[in-house]
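Structure record follows, encoded as structure tokens.
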Amino acid sequence: MRWWGEGLFNSLPDALRKLFRSDLPCLVLHLRDATHIDVTWQQDGKTQTCGEFLLGEAGSALDCVPASMAGKPYQVELRLGKAQVLHLQRHFPEAVKDNLRQVVGYQLDRLTPFSVDNVLFDAHQVQHDKARKEVLADIHVVPKHIIDRLLRQLEEAGIVQVHSLSVADAASHVNLMQDQHAARAQGWSMIPLYCFIGALILSLLAPLAYKYRRVEQIDEALAGLRQSSAAQLAIRDKLMAAQDALKFLEEKRKTSPVALDVVEKLSDKIPSDTWLERLTLGNKVLEIRGESGKALSLIDTLEEAPEFSNVHFKSPVTRNKDNGNDRFHIEATVEVAHAQ
């Protein structure tokens, strides 16, 4: 799985690699001569100068690591000057460009005065001549005993481990300790984790936000429906009140006689020598005043009609001296229903 993961990571473009891995902070020790070291701290692409350190000085110790990095991983790089490293360039067939360092190791005792067991070296391609099918290799070599002495002096100063050994102003990134360590240790970046957590939170919140929005829309629709229902109920109540009023009027008309109907019935029943001076209709009680040639027979005529009952004189009959007719005041109960 580790081999598969590294292969997959290496197949990513450089821009994407930075999202998954980032360079660890680095304490750079630049050896200017046999004793003087310039110390810098590199983190997040920024370089902080920490001053100068003297190798072999009693009681001297390196103290350049920020307090925020206490207990956290970081790299230590020992950077040699050009004068402290043997530098040479050689041409090789282009067929060895993928295994250039291994080929240089095989021929190191022929190219330099040293054997491969006594030196630290690194080789990089700096030029590819496709016409001549050759590659130009940049080779840096340093004796092991020099590095071992420097590492012992650094250990006395508190630097227990050096992760990379580079060369100042080299054309390419050189690591003479490539056999023991990677060119530049990298830590896993937290950006993908943060992106994943953000996407997870978003995937949880988005449905909730959508549901809350839908609930708000439903509430708005229900409020509008309640308003519409209230208006419709008010209209219905008014209609029902109007129907009740009409029903009441209809019942009232059915149970109470109408004056025109009563007059029509009276005109059919009373004789021609009778005329009315006044007619009063209150609820079902009818009172009529007038003159008639035969007032006594008028009582019998009205009593025989089914529309009237309880017919009687409300006051005594008197005689009109001018024409000899009887003056009458009759009261009766009307049984006439509303005309259909």
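The values are calculated or read from the model by the stated rules, or taken from the named source; none is laboratory data. Values in this document were obtained by computation on a predicted structure and should not be read as measured data. Counting neighbours? That spans all protein chains shown, and the Cβs are built from the backbone with ideal geometry, glycine included.
Quick notes
- Screening region 1-115 for helices (runs of 4 or more DSSP H) wholly inside it with 2 or more residues that are at pLDDT below 75 and surrounded by fewer than 12 Cβ atoms within 10 Å (Cβ to Cβ) returns the ranges 2-10, 14-20.
- Residues in region 275-296 that are at pLDDT below 85, more than 16 Å from residue 335 (Cβ to Cβ) and not aromatic (Phe, Trp, Tyr): 293, 294, 295, 296.
- Among the candidates 180, 217, 243, residue that is farther than 30 Å from residue 311 by Cβ, surrounded by 10 or more Cβ atoms within 10 Å (Cβ to Cβ) and at pLDDT below 85: 180
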